[in-house]
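Let me begin by presenting the structure, written as C-alpha cells, before commenting on it.
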Amino acid sequence: MARKIIIDTDPGVDDAMAIFFALRSPELDVIGLTTVFGNVHTDLATTNALRLLEIAGRTDIPVAKGADDPLAGPFKGPVPFVHGDDGQGNANLPAPRSRPIDQPAAAFIVEQIMAAPGEITLVPIGPLTNIALALRLEPRIAQHVKEVVLMGGNALCPGNATPAAEANIHNDPEAADVVFGAGWPVTMVGLDVTHQVNMTPEHLARYAASDDPLAQHIARIIPHYRAYFERANPGMRGIYVHDSSAIAYVIDPTLFETRQWPLRVETQGVSRGKTWPAVGTGAEQLPAAWRNRPPVNVCVGVDAERLIALEAGRLT
Ligand code: RIB
Ligand code: CA
C-alpha cells in the first residue's frame, strides 16, 4: 500500500525535483500539493505547482494555495538569484491550464488528516507557515498525522539564508517553533545532511541525457540554480540536494543517521531562524525553553551516493 503524502512546497527548482521524485516513486501516493511563499511569492508557487503536475500528467492531484506571508510579519521576498524570476530557472514555461482548488492549504491539510487518521504524512519543503496554521485550525492533527518529514533547519552546522539560519526556517521562525513543539512525530532533514548531498555535473548529465519529460524539465531548470551554488560556494561543482532529501527519507529512512533532541527556533536578533537542538547540555541544567519539549528526529548523517542514485533511478 503506497504511503499517502501531502507536499507543502514553494517551487522552486529543487522543489520541482522533489515533487517529480515523489510522483515517480511507487512507495508514495501524492494526494495533494499545498503552496507557500519562500523561493517565490505564493501565487507563483501555486502556478508552478500546477505547471509541474501538468508536465507529469497528474492534474488529478489537487493544489491548494497557502499563506502569502509568515505568521509574524510580511514576506521578505523571493530569491530570483537562486531559483529564477519564474521560480523554475527562468525556463519561462507556458501558463498552466489547470487551477487550484478553492480550499486554502491549511484547511486542506486538516481535512485530509482528520479524514484518514494515522495515514497521512506531511512533507513540508518550504517555510512552515501552512503547517502552523493547520495546527492552529485543528490541534488534533498532531495526534492523527502519521508523520511530518520536513526539509529545513540546521542543527549542528551554519545556515544558508544567513550565517545562522536555513532558508525555510528563516522565512518563518515562529511557525517552525510551533511545528517542532507540537508533539507529533517530526523528522528534520536539514542542512546537516543536505549539504552532504552534492549532485555533481556528472550526476546531472544523466537528467540531460534522458528523454523522460520529467528529467528534461529538470535538465532545463538546473543551469540557473547550479550557477548560484557554484558562485556561492567557490570550488563547488553542481548543486546541493535539499528538498529531494526529504522525499528520500520518506521512501527509505535507512539512508540517514538520526538523533532525537528537543529543539527550539531562535526568533530574535542576528540568529533569527537558527534551530537549536538540546545537545551538549546536561539534563539537570537544561533551560526551561527546552525542558518539556517533545524530541525531534534530527538527521545528522546520510548515504549521499545512495540517495542520489535512488532519485536518478526514478527520474532518468
Ligand atoms: O534551504 C533550502 C530550502 O530553501 C529548500 O526547500 C529550497 O527550495 C528553499 O525553499
Ligand atoms: Ca523548497
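The values are calculated or read from the model by the stated rules, or taken from the named source; none is laboratory data. Model, not experiment: these values are computed from the prediction. Cβ: placed from backbone, ideal geometry, glycine included. Neighbour counts: every protein chain shown.
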Among Ile120, Ile109, the single one that is at pLDDT 95 or above, within 20 Å of Thr35 (Cα to Cα), in contact with a His (Cβ under 9 Å, 6 or more places away or on another chain) and of a type in the set (Val, Ile, Thr) is Ile120
If you go through Arg140, Arg136, the only one that is at pLDDT 95 or above, within 24 Å of Ala45 (Cα to Cα) and either surrounded by fewer than 24 Cβ atoms within 10 Å (Cβ to Cβ) or touching a Phe, Trp or Tyr at 6+ places or on another chain (Cβ under 8 Å) (or both) is Arg136
- Query: On the given criteria, is Ile131 within 21 Å of Ser245 (Cα to Cα), away from ligand 1 (no atom under 16 Å from the Cβ) and modelled with pLDDT of 95 or more?
  - Reply: no
Cβ pairs under 7 Å, 6+ apart or interchain, first in segment 1-20 and within 19 Å of Tyr207 (Cα to Cα), second part of a strand (DSSP E or B) and within 9 Å of ligand 2 (Cβ to nearest atom), ordered by first then second residue, are Asp15/Thr9; Ile19/Thr9
Going through (1) surrounded by fewer than 19 Cβ atoms within 10 Å (Cβ to Cβ); (2) assigned to a helix (DSSP H, G or I) one by one, Ala246 fails only at (1)
| request: Within segment 302-316, identify whether any single residue is aliphatic (A, V, I, L, M) and either closer than 30 Å to Gly73 by Cβ or part of a loop (DSSP other than H, G, I, E, B) (or both), and answer yes or no. | output: no
Checked Gly273, Gly269, Gly280, Gly235 against criteria (crowded, with 19+ Cβ neighbours inside 10 Å, part of a loop (DSSP other than H, G, I, E, B) and on the phi > 0 side of the Ramachandran plot); the one match is Gly273
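Yes or no, residue by residue, for (1) at pLDDT 95 or above; (2) more than 19 Å from the chain's Cα centre (by Cα); (3) closer than 18 Å to Pro262 by Cβ; (4) within 13 Å of ligand 1 (Cβ to nearest atom):
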{"residue": "Ala161", "(1), (2), (3), (4)": "yes, no, no, yes"}
{"residue": "Thr187", "(1), (2), (3), (4)": "yes, no, yes, no"}
{"residue": "Gln196", "(1), (2), (3), (4)": "yes, no, no, no"}
{"residue": "Pro201", "(1), (2), (3), (4)": "yes, yes, no, no"}
Within 20 Å of Ile169 (Cβ to Cβ), of a type outside the set (S, T, N, Q) and more than 11 Å from ligand 1 (Cβ to nearest atom) - does that describe any residue in segment 21-42? yes
Arg220: passes all of (1) under 30 Å from Pro294 (Cβ atoms); (2) touching a residue at least 40 places away in the same chain (Cβ under 8 Å) but (1)
Going residue by residue through segment 69-79, is there one that turns out to be closer than 20 Å to Leu310 by Cβ, in contact with a His (Cβ under 9 Å, 6 or more places away or on another chain) and more than 13 Å from ligand 2 (Cβ to nearest atom)? no
> Does Glu166 satisfy the condition of being among the charged types (D, E, K, R) and within 23 Å of Phe81 (Cβ to Cβ)?
Replying inline: yes
Practice problem: Determine whether segment 103-125 contains at least one residue that is under 16 Å from the mean Cα position of the chain (by Cα), within 14 Å of ligand 2 (Cβ to nearest atom) and of a type in the set (Val, Ile, Thr). | Solution: yes
Selection over segment 4-37 where residues are of a type in the set (Asp, Glu) and touching a Gly at 6+ places or on another chain (Cβ under 8 Å) yields a count of 3
Taking segment 207-265 and keeping residues among the acidic types (Asp, Glu) and closer than 17 Å to Ala312 by Cβ leaves Asp211, Asp212, Asp243, Asp252
Selection over segment 1-17 where residues are among the small types (Gly, Ala, Ser) and more than 8 Å from ligand 1 (Cβ to nearest atom) yields a count of 2
Filter result for Pro253 (modelled with pLDDT of 95 or more and under 29 Å from Arg58 (Cα atoms))
yes
**Asked** Any residue at all in segment 257-266 that is of a type outside the set (D, E, K, R) and within 15 Å of ligand 1 (Cβ to nearest atom)?
**Response** yes
The correct count of residues that are aliphatic (A, V, I, L, M), within 21 Å of Gln88 (Cα to Cα) and touching a strand residue (DSSP E or B) at 6+ places or on another chain (Cβ under 7 Å) in segment 228-275 is 4
